[in-house]
1. Go through the residues of the range 175-183 one by one and say whether even a single one is in a loop (DSSP other than H, G, I, E, B), over 17 Å from residue 244 (Cβ atoms), free of Cβ contacts under 8 Å to residues at least 60 places away in the same chain and touching a helix residue (DSSP H, G or I) at 6+ places or on another chain (Cβ under 9 Å).
2. Residue check, residue 37 against (1) under 15 Å from residue 60 (Cβ atoms); (2) more than 21 Å from the chain's Cα centre (by Cα); (3) not in a helix (DSSP H, G or I), all met but one. Which one?
3. Kindly indicate whether residue 212 is at positive phi, touching a residue at least 24 places away in the same chain (Cβ under 8 Å) and not assigned by TED's automatic domain parsing to the domain that holds residue 61.
């Protein structure tokens, strides 16, 4: 899905018309219609276009980083520094904006920490002393283990629906952003999947996924591992159905 079709799909999933979105973003409906056809030439430059894309994402409840990443991939004609993009997505602050902490504040913080640590040590010491006294007077009985109930006989596993798609995405080799939608274009998930995290999706038909870092993700479809999606850092679009296999 392109940036324009992604915006259109998210708008329809949110149940908004172009006029509704125009009212929420203060962007003309005619200009929003151009966005949905991947035309951002009438924004007055990339800076204004990026601002409009961010406002649209917020109004539709979509992670702005995803739409801005699509804009940079498909529309941007300039190379922007990583620091600038981190500032724009509120991951870090612009140079010169870090708050300075005075020596007086540092001294007050240090004194507070010392008081808290000292008080905590006193409480822990009293607690240990109390436990030691109690344990010398009370004998603890060990409960006997009861036999675990046996599994019910005669149960048979429930067969799964062969046409249903169960998709599991695991960020095993790095973080990635994801845009997941079903066969009708309804967005199931838009956001970031950090390294070590997994997410699962189910649909009666195919599931479409745009990967921002294809080489970082392992995919299981109905329990079957899928081949490598692409290289690290590569943006890849894939569709998964019930018959997907390795």
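The values are calculated or read from the model by the stated rules, or taken from the named source; none is laboratory data. Quick caveat, the model's predicted, so the values are computed rather than measured. Neighbour counts are summed over all protein chains in view; Cβ atoms, including those assigned to glycine, are modelled from backbone coordinates with ideal geometry.
1. yes
2. Answer for residue 37: the failing condition is (1).
3. So residue 212 fails the test.
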